[in-house]
1. Is there any pair linking a residue in the stretch 56-67 that is surrounded by fewer than 15 Cβ atoms within 10 Å (Cβ to Cβ) to one that is part of a helix (DSSP H, G or I), with Cβ under 7 Å and at least six apart or on different chains, and which?
2. Every residue in the stretch 312-343 that is of a type in the set (S, T, Y) and at pLDDT below 85, please.
3. Which residues, taken from the stretch 227-253, are more than 12 Å from the chain's Cα centre (by Cα) and of a type in the set (S, T, N, Q)?
4. Name the residue that is surrounded by the fewest Cβ atoms within 10 Å (Cβ to Cβ), counting only residues in the stretch 162-178 that are touching a strand residue (DSSP E or B) at 6+ places or on another chain (Cβ under 9 Å) and either at pLDDT 95 or above or among the aliphatic types (A, V, I, L, M) (or both).
5. From the list Y74, Y104, exactly one residue is surrounded by fewer than 19 Cβ atoms within 10 Å (Cβ to Cβ) and in contact with a strand residue (DSSP E or B) (Cβ under 8 Å, 6 or more places away or on another chain). Which is it?
6. Kindly indicate whether any position in the stretch 350-362 is assigned to a loop (DSSP other than H, G, I, E, B), surrounded by fewer than 18 Cβ atoms within 10 Å (Cβ to Cβ) and not assigned by TED's automatic domain parsing to the domain that holds P269.
7. May I ask you to list the residues in the stretch 4-51 that are assigned to a loop (DSSP other than H, G, I, E, B), within 28 Å of G149 (Cα to Cα) and among the aliphatic types (A, V, I, L, M)?
8. Need a quick list: helices (runs of 4 or more DSSP H) entirely within the stretch 125-205 having at least 1 residues that are aromatic (F, W, Y).
Amino acid sequence: MEQYFQQEFETMSRAKIKELQSDRLVKQVTHVYENVPYYRKKMDEKGLKPEDIKGIEDLHKLPFLSKADLREAYPYGLLAIPLEECVRIHSTSGTTGKRVVAFYNQHDIDLWEECCARAIVAVGGTKEDVCQVCYGYGLFTGGAGLDGGSHKVGCLTLPMSSGNTERQIQFMADMGATILCCTPSYAAFLGESITEKGMKDQIKLKAGIFGAEAWTEEMRHDIEKTLGIKAYDIYGLTELSGPGVSYECSEQKGMHICEDHFIAEIIDPDTGEVLPEGSKGELVFTSITKEAFPLIRYRTRDICILNYEPCACGRTHVRMTKPMGRSDDMLIIRGVNVFPSQIETVLMNLGLKSNYQIIVDRVNNTDTFDIDVEMTPEMFSDTLTDISRTEKQIVESLRSMLGIMAKVHLVAPKTIARSEGKAVRVIDKRKLV
């Protein structure tokens, strides 16, 4: 029998969800207009007042927010409550430009942790479980979110953070961890390390909650086989509240968005037009319960599809597909849109692991496209002829998938640096600005 953390909300009728969203949206728009000068200016430029928004049917009238707005308004420009009422910040890694900083009051943290608790219960978690959280703590949202959700459920929580794999595995075995929370690339690395140590029979894991980076169905099956678990996806953004914005249930047919806290739209990434139900496009979120740092119509740049069909788990909240890439950081190579997930799918369909790196450069005004792929230990003992044959097979499969040629280099096992956080899949050396 399916379990819920907050059944009243998770199984609410579609009519009730829309009614709740409309009520909360109207209040949120007034809150933002009155307290955030940056957003009030954006609304004024469109000739909009809070009273023009009477429900979710008017959502499309409101201006978008983007990561560029968050950087422009850094650090306090989008804060909607007095700073002394805030109790925490989280931040993106800041790999380009200014960091994106999100503020929380205690109310916001409580709601966020409840969303993460929903995700843990959805994978079968109860207070009998031992939840090992290997996401990074600190400014990164992963550790704090799942840690708080685990506490809300009542699990014994192992706040391991990322790294120190030896210690991770030792605690996993000694404490009998049953639920693992980390990035999928680190889950794959843990599985590999446990197998190498011959400790698989000492591991009691039953489920894993993996997010913060793109991963394919092929990678999911590989992790499930290696760790002997069911692997579940979770989605979130630092800007909104980290993991728990959406999560997979036992059906594993899309991630349920917590619609009592977030309104989701799908838009055309080029025109900004809201697309019909079932369309593939860019995911946009409006936060309707956050008080400190509420974002209205925030463009995630993630490409996906929303599914409103009833789910067999009993949850009524809309499901989103895994992001199918991003509209802003997809690679355009020789005029072709390339997503790393496509490459991963090809490799894993050919029986290779997900340890690879894409290197893109520009030589004499022409893009170069190289992919280093780590061999399995079995392949490493093959003859040069066999290795060359495999390389050609990968090249052909990639050409079929992408429509362009890549140079594939099979490299020795463990020569591509393992990640204990987000895997670095792409090195783009082009000077494109």
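The values are calculated or read from the model by the stated rules, or taken from the named source; none is laboratory data. Keep in mind that what you see is a predicted model, and the values were worked out from it rather than measured. For neighbour counting, all protein chains shown are included, and Cβ atoms are generated from backbone atoms with ideal geometry for every residue, glycine included.
1. If the second residue must be part of a helix (DSSP H, G or I), the pairs left are K61/D52.
2. Within the stretch 312-343, S327, S341 meet the criteria.
3. S250, Q252
4. Taking the candidates together, the pick is M175.
5. Unique residue meeting the criteria: Y74.
6. The answer is yes, given that some residue of the stretch 350-362 is assigned to a loop (DSSP other than H, G, I, E, B), surrounded by fewer than 18 Cβ atoms within 10 Å (Cβ to Cβ) and not assigned by TED's automatic domain parsing to the domain that holds P269.
7. Correct list: M12 only.
8. Output list reads 165-175, 184-197.
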